[in-house]
Amino acid sequence: MAKNNSQPQAEKHQRQPFAKKLLGWLKQLLLMLLLLTLFSAALDIWRGRDIPKTNLPNIQATTLQGEQIDLLAMSHEQPVLLYFWGTWCPVCSFVSPSVNILADSYPVVSVAMTSGVYEKLQRYLKHKDYEFAVINDPHGEIAKQWSVQVTPTLMVIKDGQLSYYTSGFTSLPGMWWRMLLA
C-alpha cells in the first residue's frame, strides 16, 4: 500500500505557527526596505552629481508672504530645508504636507518651479493650507543655478554648505533625521 507523501507535507505547512509566518514576512519586508533604500541612495547620488556641495549660490529673494530671505545667512543660524517643488508635480503633493509640518520647527525655504504667476501660486497655497515660505521661480532660473532638474528636491543647508540632498518622495521622518543630523 503506497502512502501519499504530499499529504503530510501539506498538513505540516498548514500547521506552521502564525508567529513563524509573520517573522518570515517581516524578514522579506525588511529586505525589500533595505533594497529600496540602497536603490534610492544610489539614485540620489546619480541625480545629484551636478548639485553644488560647496560655494552654493545664494538665494536672496522676497517670498510670496513678503518675507525677505537670505538663504546662506539663515543657514549659519541653524539648518535650513531648501525645497524645490512645483504645483504640477504629483509627488510634491505627497511631500509638501510633510514640509509644511516641518516648517513649524525648522526654517524652510521653498522654490516653486515653473508654477505660474504669483496670484495663481498664492491661490494654490491658500487652497492647500501651506504656510512654508515660498519663492516663485516662474521660469526655473533659481532651479538652474542650483542644477535642480527633478521635483521634489530637498536639501539641507548648514553653515553655507550642503549637508544632505535627496529627490523624489521623502517622508517626514526622513526630513526630520536629515535636519537633526545636519
Query raised in the report: Roughly what would the spin-label model give for Leu72 and Val91, points 7 Å off Cα along C-beta, in nm?
Result: 2.9
Query raised in the report: Lys21 to Asp104: extension gain in nm, 0.36 nm per residue of separation minus the Cα-Cα distance?
Result: 25.7 nm
Query raised in the report: If you roll a 1.4 Å probe over the heavy atoms of the protein chains, what accessible area per residue do you get for region 71-182, in Å²?
Result: 47
**Report entry** region 44-159 - percent of accessible surface contributed by carbon and sulfur, probe 1.4 Å
**Finding:** 51
Requested in this report: Give the long-range amide H neighbours of Ser115: residues separated by 5 or more places, or on another chain, with amide H under 5 Å away, using H modelled in the peptide plane at 1.01 Å from N.
Outcome: Asp137
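The values are calculated or read from the model by the stated rules, or taken from the named source; none is laboratory data. Just so you know, these numbers come straight off a predicted model, no measurement behind them. Note: ideal-geometry Cβ built from the backbone for every residue, glycine included; neighbour counts use all protein chains shown. When the accessible area is computed, the model is the full protein with side chains, heavy atoms only, and any ligands, DNA or RNA have been set aside. Shrake-Rupley method; radii C 1.70, N 1.55, O 1.52, S 1.80 Å.
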